[in-house]
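To keep things clear, I will list the structure first and then write my remarks on it.
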Amino acid sequence: MANQFFPYLMCSEASLLSVLFRCDDFWVIRKSPGMSFHADSDELGVMQSLALSYPQQRFFPVHRLDKMTSGLLVVACHAKAAAQFGVLFERHEVEKRYLALSNRKPKKKQGTIKGGMKPSRRGQWMLTKNAENFAVTQFFSSSFQGFRVFLLRPLTGKTHQIRVALKSLGAPIFGDVRYGGDRADRGYLHAYALQFDWQGEAKRFIDLPFEGECFSAELVDFISAQFDESLLTWPSSKSL
């Protein structure tokens with residue numbers, strides 16, 4: 001699969017949960033920051049909200065986002081589609097991109113972060129030097145008005161993978177207090193793009209961020225110009 005994204009669908013209306021694309025097999029939705037994937041205390045999660053809003057449609061989760069993370073999610077509409085997505089994710093055939101902001105200087109500006117993941121204290125995870133529960137994250141970054149802006153490509157889908165990776169660089173995500181980030185109006189991690197082949201057709205989705213005081217129009221323009229994937233060369237993932 002080519003490592004290039006093109007705008008397939010964009011939506012700018014703010015809501016906790018927005019449907020961006022739908023077909024018989026799957027829907028693509030946008031999750032707002034602060035919304036849990038599953039029910040959290042008295043608050044509805046993504047799957048519960050979808051079930052209540054569209055009671056005649058069944059939904060099957062195929063991946064998830066952390067509560068603080070905004071952006072793109074795919075949900076399957078039947079069991080066969082869910083199984084197909086399971087194969088795509090297992091084979092690493094779903095290309096994902098995330099955007100993150102940090103107000104700290106990273107140890108390096110681009111590269112690969114890899115290592116084992118294991119549970120730590122207070123619901124945290126930590127990066128280890130062994131191969132158990134191995135996680136790989138590639139990234140580019142650039143400076144913008146006192147922030148370090150990251151474009152991230154996770155090659156695996158481990159819990160808190162990107163959050164742990166940026167902490168290991170000395171640049172925790174702005175607003176991600178759990179992993180040492182400074183307090184902010186939100187955790188600045190956004191699921192920005194998805195690409196996969198479905199029934200022989202390439203599907204590409206981009207969702208530019210807008211929720212949060214620091215995701216300004218100027219920053220969005222900077223992201224679009226700075227992280228043009230036709231000009232970026234990602235390291236090979238064949239060894240994964």
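The values are calculated or read from the model by the stated rules, or taken from the named source; none is laboratory data. Remember, predicted model here, so these are calculated numbers, not experimental data. Using ideal geometry, Cβ is built from the backbone for each residue, glycine included, and neighbour counts are taken over all protein chains shown. For accessibility, only protein heavy atoms count, side chains too; no ligands or nucleic acids. Shrake-Rupley method; radii C 1.70, N 1.55, O 1.52, S 1.80 Å.
The mean sequence separation of alpha-carbon pairs under 8 Å and at least six residues apart, normalised by the residue count of the chain, gives a relative contact order of 21 percent. With the simple model of a label 7 Å out from the Cα in the direction of the Cβ, GLN57 to GLN124 spans 3.9 nm. These residues, ARG104, ARG58, go from largest to smallest accessible area, 1.4 Å probe, as ARG58, ARG104.
Distances between placed amide hydrogens fall under 5 Å for TRP125 paired with SER120, all partners being 5 or more residues away or on another chain. Its relative contact order, with pairs defined as Cα atoms under 8 Å and 6+ residues apart, puts the stretch 18-117 at 24 percent. To put it simply, the accessible area of the stretch 122-211 at a 1.4 Å probe is 47 percent carbon and sulfur. For the set GLU95, GLU213, GLU43, solvent exposure ranked by accessible area (probe 1.4 Å, protein chains only) runs largest to smallest as GLU213, GLU43, GLU95. Partner lysines whose Cα lies under 21 Å from the Cα of LYS105, excluding those fewer than 8 positions away in the same chain, are identified as LYS114, LYS167.
A Förster distance of 22 Å, applied to the separation of the beta-carbon atoms of HIS78 and VAL19, puts the FRET efficiency at 0.85. What is the calculated FRET efficiency for VAL87 to VAL220, with r their C-beta to C-beta distance and R₀ = 35 Å, to the nearest 0.05? Working from the Cβ atoms, E equals 0.55. Taking 0.36 nm per residue of sequence separation and removing the Cα-Cα distance, the ASP228/GLN48 pair yields an extension gain of 61.2 nm.
With protein chains left intact and a 1.4 Å probe, residues in the chain average 50 Å² of accessible area per residue.
Each stretch of four or more DSSP H residues adds -39500 (n - 2.57); spread over every residue of the chain, this sum gives -4500 deg cm²/dmol at 222 nm. Across the stretch 31-39, rounded Karplus estimates of 3J(HN,Hα) from the backbone phi angles (6.51 cos²θ - 1.76 cosθ + 1.60, θ = phi - 60°) give 9, 7, x, x, 9, 6, 6, 9, 4 Hz, Gly and Pro being marked x. So how tilted is helix 79-90 from the main axis of the chain? Cα-based, degrees 0 to 90, rounded to 10. Around 20 degrees separate the two axes. For LEU189, nonlocal amide neighbours, meaning residues 5 or more places apart or on other chains whose placed amide H falls under 5 Å from its own, are SER70.
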